[in-house]
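The values are calculated or read from the model by the stated rules, or taken from the named source; none is laboratory data. Note that the structure is a prediction, hence the values are computed from the model and not measured. Cβ coordinates were reconstructed from backbone atoms using ideal geometry, including for glycine residues, and neighbour counts include every protein chain displayed.
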Amino acid sequence: MKSVAVVLSGCGYLDGSEITEAVSCFIALAQTHAQFTVFAPDINFVGVNHNTGEPVPQSQRNCLEESARIARGKVLNLKTLDEKNFDALLFPGGSGTATHLSHWAHQGAKAQALPEIEHAILAFHKASKPIGAICIAPTLLALVLGSHHISVTIGNNKEISNEIKKTGAQHIDCPVDDFITDRLNKIVTTPAYMYDTDPAKVFKGINGLVKELVEMA
C-alpha cells in the first residue's frame, strides 16, 4: 500500500487550501487504497471573510489549526515531514498555497517557497518520488524545480503561465478535467479551480492526477 504526504495551507480558498480540492484528494486517494498523512505549516496569518473577500485584520488564524478542520483533526506540523516515510507528495491548491507556502501571490517568479516546502520538494525529487500539484500549487514546483525545466499546468491563464516560464519551467495548457504528466521528473499537475467550473469536472481532473501519482509511486 502506497503512502502519500498531503500538504495543506489552511481552510478556505481565499486564505488557505481549497476545500473541494483537498477533499477530492482524500477521496481519490482512498479509492486507490493509498494511505495518506496531512501536513501543514505552523504559521499565523490574517483571515479573509469568504463572503466579501476582504481581509479581517482582527482575525488571526493558524495554518495548522485551520488545516485540521479539513483533515478532521489529523494534521502534523510540516517540519516533521520526512520524505523517507512516503512514496509521493501532493499539494492541493487554494490561495494559501501562494501566500503561506510561498509568496507567489505578491512576487510571482521572484518569490521563494517556505523553507520547509522547498526542502520537501527537493527531497522527493532527489529520491525520484512523484509529486502532484493542483490549481495554483504547481507554482511551488516551478519556484523550487524550475531550473530542471519541469513541465506543469495551471490551466490556460496566460499571466500566471508567463510567470511560471520565467522560473525555467515549461507550462502546458490543460482543460479542467484532465492533467499533465512530466514523466521524466515524475510530476503530475491539474488546473482544478483555476477555471470557474463545476466540482464534478474538478474532481475528474484530480481523480486522474491521483491515480497517475499512485501508479508512479
Give me a count of the residues in the range 67-81 that are free of Cβ contacts under 8 Å to residues at least 24 places away in the same chain and either farther than 24 Å from residue 14 by Cβ or in contact with a helix residue (DSSP H, G or I) (Cβ under 7 Å, 6 or more places away or on another chain) (or both). 0
Subset tally (residues that are in contact with a Pro (Cβ under 6 Å, 6 or more places away or on another chain), closer than 17 Å to residue 17 by Cα and in a helix (DSSP H, G or I)) for the range 174-217: 0
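Can we say residue 153 is surrounded by 21 or more Cβ atoms within 10 Å (Cβ to Cβ), closer than 24 Å to residue 28 by Cβ and among the hydroxyl-bearing types (Ser, Thr, Tyr)? If you could, list the steps in order and put the result at the bottom.
On the way: surrounded by 21 or more Cβ atoms within 10 Å (Cβ to Cβ): yes; closer than 24 Å to residue 28 by Cβ: yes; among the hydroxyl-bearing types (Ser, Thr, Tyr): yes.
Criteria met by residue 153.
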Inspect all residues belonging to the range 41-62 and state whether any of them is touching a Ser or Thr at 6+ places or on another chain (Cβ under 6 Å), farther than 20 Å from residue 166 by Cβ and at pLDDT below 95. yes
Are any of the residues in the range 107-119 over 18 Å from residue 40 (Cβ atoms), in contact (Cβ under 8 Å) with a residue 60 or more places away in the chain and not hydrophobic (A, V, I, L, M, F, W, C)? no
So, in the range 102-122, of the ones that are closer than 23 Å to residue 2 by Cβ and in contact with a Pro (Cβ under 9 Å, 6 or more places away or on another chain), which residue ends up surrounded by the fewest Cβ atoms within 10 Å (Cβ to Cβ)? 116
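Within the bounds of the range 51-58, is there any residue that is among the aliphatic types (A, V, I, L, M) and within 17 Å of the chain's Cα centre (by Cα)?
Applying the first criterion (among the aliphatic types (A, V, I, L, M)) to the range 51-58 yields 56.
Add one more test, that the residue is within 17 Å of the chain's Cα centre (by Cα), and what stays is none.
For the range 51-58, residues among the aliphatic types (A, V, I, L, M) and within 17 Å of the chain's Cα centre (by Cα): absent.
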From the option list 114, 143, single residue qualifying as among the aliphatic types (A, V, I, L, M) and touching a Leu at 6+ places or on another chain (Cβ under 6 Å) is 114
Selected residue (criterion: surrounded by the fewest Cβ atoms within 10 Å (Cβ to Cβ)) from residues of the range 6-15 that are over 21 Å from residue 200 (Cα atoms) and more than 11 Å from the chain's Cα centre (by Cα): 15
